[in-house]
1. Do you know which residues across the range 1-22 are surrounded by 12 or more Cβ atoms within 10 Å (Cβ to Cβ) and of a type in the set (D, E, K, R)?
2. Taking only the range 44-81 into account, find how many residues are at pLDDT below 95 and more than 22 Å from residue 20 (Cβ to Cβ).
3. What are the residue pairs meeting all of these: first residue in the range 9-31, first residue farther than 19 Å from residue 74 by Cα, second residue of a type in the set (S, T, N, Q) and surrounded by 11 or more Cβ atoms within 10 Å (Cβ to Cβ), Cβ atoms under 6 Å, and 6 or more apart or on different chains?
4. Please enumerate the residues belonging to the range 26-56 that are of a type in the set (D, E, K, R) and in a helix (DSSP H, G or I).
5. Can you tell me how many residues in the range 26-57 are within 17 Å of the chain's Cα centre (by Cα), surrounded by 12 or more Cβ atoms within 10 Å (Cβ to Cβ) and not β-branched (Val, Ile, Thr)?
Amino acid sequence: MESRERENIIKELISTEEKYLADLNVMINVYKTPLEKSKVVTDSNIKTIFINVNILMNVSSQILKQLKDYYGKLTKKKKNRKI
């Protein structure tokens, strides 16, 4: 795989992961938190509906960090080769 192609794939993965994290934040801030405060839905149902959202956020954040670190290393290597 060519270096430029690899960089483009990593950039796309980073973009996708950022969008996914943003969607998880919307799920929490727009739906979960207001439902918890309103008491319209029982705590038990909220736990069922949003069962792993916090775990998903943590895992996704870790993946995003690793992707960004890897992308930084790729671009740094590329710059060093040109010098």
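The values are calculated or read from the model by the stated rules, or taken from the named source; none is laboratory data. Not measured: the values here are computed from a predicted model. We place every Cβ from the backbone using ideal geometry, glycine too, and count neighbours over all the protein chains shown.
1. Hits for the range 1-22 are 6, 7, 11, 17, 18.
2. Number of matching residues: 8.
3. Final answer for the pair search is 20/60; 21/60.
4. 32, 36, 37, 43, 47
5. Residues meeting the conditions: 5.
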